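Asks: Let me begin by handing over the structure; questions about it come next.
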Amino acid sequence: MNETTPTRSALRELGEERRAMREGYAFLDEKCFLLAAEMLRELARYQVLMEEFRSAQRAAAHALRAAVARHGLQELECHPAGRLEQASLRRARRSLMGVVLQSAELSGPLGADEAVSESPEAASCRETHFALVRLAVRLAAACGNLERLRREYRRAVRRARALHDVLLPETERTLHDLEARLEELEQEEAVWVRHRAY
């Protein structure tokens, strides 16, 4: 940039470049603010889901203990597992500042083959674990959102810092140097014109 010929048009172009950088910085600063706000909302949602998941995990562990106590581990292993053929995964997507955010939900009934020795304990074990899977799907979507938001936030912060700490000061210095060189040239030209007039 220091090799720029000192002319009014070069000065104007550099001024426009500086203005564009300032606008870019303001945009990135606003983007960081919006992403941070969305991260906080998503984190609150994640924490609620995580509490629900832990509660469902305890319920599933309790149901498993009850089923093992009733059937024994070997007999329980012979019980048919639940099937997800009738369940469907529904996803909704939205975008925030170019970041794709989604919610996911597993809906529909849990299918299962008839067990030889079905019991309320075995059915409860199957149902509580299916509830755990449903929550895990919602939790996975929230985790993915947080990760995408974090990546985009870090990228926007890096760009904003590069503009604010490196490019803008460099452009300001170049602009100042160009103005000083242009002023010197104009003074020299004025002296030369005055000298030629006499």
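Asks: Could you run through the stretch 1-56 and say how many residues are part of a loop (DSSP other than H, G, I, E, B) and among the hydroxyl-bearing types (Ser, Thr, Tyr)?
Replies: From the stretch 1-56, those part of a loop (DSSP other than H, G, I, E, B) are 1-7; that's our starting set.
Going one step further and asking which of them are among the hydroxyl-bearing types (Ser, Thr, Tyr), we end up with 4-5, 7.
Going through the stretch 1-56 one residue at a time, the tally reaches 3.
Asks: Let me ask something else about it. Can you confirm whether the stretch 46-59 contains a residue that is more than 23 Å from residue 111 (Cβ to Cβ), of a type in the set (A, V, I, L, M) and modelled with pLDDT under 95?
Replies: Looking through the stretch 46-59, none of the residues is more than 23 Å from residue 111 (Cβ to Cβ), of a type in the set (A, V, I, L, M) and modelled with pLDDT under 95.
Asks: Hey, does the stretch 88-104 have a residue that's at positive phi and exposed (fewer than 15 other Cβ atoms within 10 Å of the Cβ)? Walk me through how you get there before you give the answer.
Replies: Initial filter on the stretch 88-104 (at positive phi): 97-98.
The next check asks that each one be exposed (fewer than 15 other Cβ atoms within 10 Å of the Cβ); those that pass are 98.
Scanning the stretch 88-104 turns up at least one residue that is at positive phi and exposed (fewer than 15 other Cβ atoms within 10 Å of the Cβ).
Asks: Right, here's the next one. Would you mention how many residues in the stretch 88-105 are among the hydrophobic types (A, V, I, L, M, F, W, C) and outside any strand (DSSP E or B)?
Replies: First, pick out the residues of the stretch 88-105 that are among the hydrophobic types (A, V, I, L, M, F, W, C): 89, 92, 96-97, 99-101, 104.
Narrowing further to those that are outside any strand (DSSP E or B): 97.
Total satisfying the criteria: 1.
Asks: Separate question: Sort through 175, 163, 182, 149 and tell me the only one that's touching a strand residue (DSSP E or B) at 6+ places or on another chain (Cβ under 7 Å), touching a residue at least 60 places away in the same chain (Cβ under 8 Å) and aliphatic (A, V, I, L, M).
Replies: On the way: 175 fails: touching a strand residue (DSSP E or B) at 6+ places or on another chain (Cβ under 7 Å); 163 fails: touching a strand residue (DSSP E or B) at 6+ places or on another chain (Cβ under 7 Å); 182 fails: touching a strand residue (DSSP E or B) at 6+ places or on another chain (Cβ under 7 Å).
None of the others qualify; the one that does is 149.
Asks: Further question on the same structure: Counting only residues that are polar (S, T, N, Q) and surrounded by 13 or more Cβ atoms within 10 Å (Cβ to Cβ), how many does the stretch 105-141 have?
Replies: Let us first name the residues in the stretch 105-141 that are polar (S, T, N, Q), namely 107, 117, 119, 124, 128.
Those left that are additionally surrounded by 13 or more Cβ atoms within 10 Å (Cβ to Cβ): 119, 124, 128.
Number of matching residues: 3.
Asks: Look at the stretch 66-87 and say how many of its residues are part of a helix (DSSP H, G or I), surrounded by 12 or more Cβ atoms within 10 Å (Cβ to Cβ) and either at positive phi or of a type outside the set (Asp, Glu) (or both).
Replies: Residues that pass the stated criteria total 6.
Listed here are the residues, each with its yes/no results for (1) modelled with pLDDT of 95 or more; (2) under 30 Å from residue 53 (Cβ atoms); (3) surrounded by fewer than 16 Cβ atoms within 10 Å (Cβ to Cβ).
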position	(1), (2), (3)
151	yes, yes, yes
166	no, no, yes
169	no, no, yes
173	no, no, yes
178	no, no, no
183	no, no, yes
189	no, no, yes
193	no, no, yes
196	no, no, yes
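Asks: Something else now. Residues 159, 126, 148: which one is under 25 Å from residue 92 (Cβ atoms) and of a type in the set (Lys, Arg)?
Replies: Working: 159 fails: under 25 Å from residue 92 (Cβ atoms); 126 fails: under 25 Å from residue 92 (Cβ atoms).
Answer to the check: 148.
Asks: Quick check: is even one residue across the stretch 19-28 loosely packed, with under 15 Cβ neighbours inside 10 Å, more than 26 Å from residue 118 (Cβ to Cβ) and touching a residue at least 60 places away in the same chain (Cβ under 8 Å)? Spell out how you get there, then give the answer.
Replies: Start the filter on the stretch 19-28 by keeping residues that are loosely packed, with under 15 Cβ neighbours inside 10 Å, which leaves 19-20, 22-23, 26.
Those still in the list that are more than 26 Å from residue 118 (Cβ to Cβ) too: 19-20, 22-23, 26.
Pick out the ones that are also touching a residue at least 60 places away in the same chain (Cβ under 8 Å) and you get 22.
Yes, the conditions are met somewhere in the stretch 19-28.
The values are calculated or read from the model by the stated rules, or taken from the named source; none is laboratory data. Everything numeric here is computed off the predicted structure, so don't read it as measured data. A quick note on method: Cβ atoms are made from the backbone with ideal geometry, for glycine too, and the neighbour counts reach across all protein chains shown.
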